[in-house]
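*Asks:* Please read through the structure below; I'll follow up with questions.
The values are calculated or read from the model by the stated rules, or taken from the named source; none is laboratory data. Computed from a predicted structure; not experimentally measured. We place every Cβ from the backbone using ideal geometry, glycine too, and count neighbours over all the protein chains shown. Remember, those area values only see protein heavy atoms, side chains included, never the ligands or the DNA or RNA. Shrake-Rupley method; radii C 1.70, N 1.55, O 1.52, S 1.80 Å.
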Amino acid sequence: MERFLRRVAVIGGARIPFCRSNTFYADQSNLDMMTGALNALVEKYNLKGQHIDEVVGGAVVTHSKDWNLAREAVLGTKLSPSTPGITMMQACGTSLQGALGSAAKIATGEIDCAIAVGSDTTSDPPIVVTKKLAQRLNKASQQRSTMDKLRTFKGFSPGELAPMPPSVAEPRTGLTMGEHCELMAQVWEIPRAEQDAFAIESHHKAAEAYRTGYMDDLVVPFAGVYRDNNIRGDATLDKLSTLKTAFEKGENGTLTAANSTPLTDGAAAVLLASEDWAHKHGLPVLAYLTYSQTAANDFVGGDGLLMAPTIAVSKMLERAGLKLQDFDLYEIHEAFAAQVLATLKAWEDPTYCQERLGRAEPLGSIDRSKLNIKGSSIAVGHPFAATGARILAHLAKLLSQQGGRGLISICTAGGMGVAAILETRDAAELHQAA
């Protein structure tokens, strides 16, 4: 039987406000926040009691008790309990990758609708005991008598009690993401002043988005919070220039707390569906998810931890038959200002494009006035697994207002990148005809 691929519609999304770590959400868990974001989506699109074919997503910083996070969140919502919950993780690309997997199923007809979701908190980190103490406790639990249990602690030292918070360093290199990005800034010669200016632009754009009411239907109050608490609409170069560097303390240091994303708590969700499902439920289509790509690089060998999106975008454009300039909007996740700026320089660099991307010519430059026009992660924050769903819902809304085609690029830990293309119906049909 011949099968045809269906259009994948982005219906829209909702998220709770993003808050700096250890502020307003200090008492909220990943499950609390993910459930809050899902319920916000349920209310927005009148999904109470509805069966959704799958809810896919997860968190990066999790407790062992959260192994079934997506399903438990579904059961805490007003969705039908027949809705499956699938928990997955790809660092900062988690909820976008979840959306891409569900989109493929919608396209082939396996499912008709899905929700991609992500949540993260660094205010509630999993604190574990040392491996030696864990082994003792495990062995003690297997003993029957009290004396045998006590014998497992022979040779015990107080040092075994030291708590072990989750590591923020890459296991293969021992360097944090910020330290890796500092190296990228040096390789690509991204000065601090340029990074600071980029960060200020993000804050100003995000503040304006709130001021004009653009965020009103995207951000839903949660736990007494009504808006992201990291945005600094009054940020200036004078203020940012006084900050000390955060990762490299020497004269080569350029990354600061202000031109990097803060540790953030929050959750976001986005609804995808076939056109028939959307029509049946009376829901307008904001945009269509047409192409996607995941890639990885040899960051251990020096490729740059956060440079893999350059590869993902290049491969995706080749499959789509598009140029980098064929977009009306660009959403590049702002893990660090230096990361975005290095990505843009790499696409313009003939040597990089030839050696890393296998292209005879560079991808070229983009119109910066089309980049992150409502601000992005530096300003609003970055709860790791939630960022993809935030960006996907946000770009779909922008395209529904302005029309055209948009590109998403998200870097992740582990030297990976996730990219996607959204198009309005007119743009998709023109592209197909061409």
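*Asks:* Are any of the residues in region 323-338 in contact (Cβ under 8 Å) with a residue 60 or more places away in the chain, more than 22 Å from the chain's Cα centre (by Cα) and closer than 25 Å to residue 220 by Cα?
*Replies:* No - not one qualifying residue is present in region 323-338.
*Asks:* Of the residues 357, 344, which is closer than 24 Å to residue 185 by Cβ, under 24 Å from the mean Cα position of the chain (by Cα), assigned to a loop (DSSP other than H, G, I, E, B) and without any contact (Cβ under 8 Å) to a residue 60 or more places away in the chain?
*Replies:* Just one listed residue meets the conditions, 357.
*Asks:* Looking at region 22-33, can you tell me whether even one residue there is without any contact (Cβ under 8 Å) to a residue 40 or more places away in the chain, open to solvent by 40 Å² or more (accessible area, probe 1.4 Å), under 22 Å from residue 217 (Cβ atoms) and part of a loop (DSSP other than H, G, I, E, B)?
*Replies:* no
*Asks:* Taking the options 141, 82, name whichever one is over 29 Å from residue 293 (Cα atoms), free of Cβ contacts under 8 Å to residues at least 12 places away in the same chain and either out of contact with any strand residue (DSSP E or B) (no Cβ under 9 Å at 6 or more places or on another chain) or surrounded by 23 or more Cβ atoms within 10 Å (Cβ to Cβ) (or both).
*Replies:* None of the other options fit; the residue is 141.
*Asks:* Sticking with this one: Looking only at region 36-65, filter to residues that are among the hydroxyl-bearing types (Ser, Thr, Tyr) and part of a loop (DSSP other than H, G, I, E, B); which one of those is farthest from the chain's Cα centre (by Cα)?
*Replies:* 45
*Asks:* Residue 426: more than 26 Å from residue 118 (Cα to Cα), free of Cβ contacts under 8 Å to residues at least 24 places away in the same chain and not small (Gly, Ala, Ser), yes or no?
*Replies:* Spelling it out, residue 426 is indeed more than 26 Å from residue 118 (Cα to Cα), free of Cβ contacts under 8 Å to residues at least 24 places away in the same chain and not small (Gly, Ala, Ser).
*Asks:* Restrict the check to region 154-173 and report whether at least one residue is within 19 Å of the chain's Cα centre (by Cα), touching a residue at least 12 places away in the same chain (Cβ under 8 Å), open to solvent by less than 30 Å² (accessible area, probe 1.4 Å) and more than 30 Å from residue 12 (Cβ to Cβ).
*Replies:* Taking every residue of region 154-173 in turn, at least one turns out to be within 19 Å of the chain's Cα centre (by Cα), touching a residue at least 12 places away in the same chain (Cβ under 8 Å), open to solvent by less than 30 Å² (accessible area, probe 1.4 Å) and more than 30 Å from residue 12 (Cβ to Cβ).
*Asks:* Out of all the residues in region 373-401, which are of a type in the set (D, E, K, R) and either touching a helix residue (DSSP H, G or I) at 6+ places or on another chain (Cβ under 6 Å) or open to solvent by less than 10 Å² (accessible area, probe 1.4 Å) (or both)?
*Replies:* Hit for region 373-401 is 374, nothing else.
*Asks:* Name the residues in region 186-195 that are crowded, with 17+ Cβ neighbours inside 10 Å and touching an Asp or Glu at 6+ places or on another chain (Cβ under 9 Å), would you?
*Replies:* Across region 186-195, the qualifying residue is only 188.
*Asks:* OK, next. Can you go through 76, 49, 85 and tell me which one is at positive phi and not hydrophobic (A, V, I, L, M, F, W, C)?
*Replies:* The unique qualifying residue is 49.
*Asks:* Step by step: first the residues of region 85-126, then only those that are among the charged types (D, E, K, R) and in contact with a helix residue (DSSP H, G or I) (Cβ under 8 Å, 6 or more places away or on another chain), then the one that is least open to solvent (accessible area, probe 1.4 Å). Which residue is that?
*Replies:* Among those that are among the charged types (D, E, K, R) and in contact with a helix residue (DSSP H, G or I) (Cβ under 8 Å, 6 or more places away or on another chain), it is 120.
*Asks:* Tell me, please, whether a residue that is in contact with a Lys or Arg (Cβ under 9 Å, 6 or more places away or on another chain), in a strand (DSSP E or B) and more than 25 Å from residue 38 (Cβ to Cβ) can be found in region 401-412.
*Replies:* no
*Asks:* Any residue that is open to solvent by 10 Å² or more (accessible area, probe 1.4 Å), farther than 23 Å from residue 399 by Cβ and part of a helix (DSSP H, G or I) - is there at least one of those in region 314-329?
*Replies:* no
*Asks:* May I pose another question? Evaluate region 247-263: report whether one residue or more is open to solvent by 40 Å² or more (accessible area, probe 1.4 Å), farther than 25 Å from residue 23 by Cβ and not charged (D, E, K, R).
*Replies:* Yes.
*Asks:* Sticking with this one: Name the residues in region 228-240 that are surrounded by 12 or more Cβ atoms within 10 Å (Cβ to Cβ) and more than 19 Å from residue 334 (Cα to Cα), would you?
*Replies:* Listed by number, the list holds a single entry, 239.
*Asks:* When region 278-306 is examined, which residues are found to be surrounded by fewer than 21 Cβ atoms within 10 Å (Cβ to Cβ) and assigned to a helix (DSSP H, G or I)?
*Replies:* Across region 278-306, the qualifying residues are 279, 280.
*Asks:* Report the residue count in region 198-253 for those that are touching a residue at least 24 places away in the same chain (Cβ under 8 Å), small (Gly, Ala, Ser) and assigned to a loop (DSSP other than H, G, I, E, B).
*Replies:* Matching residues across region 198-253 total 6.
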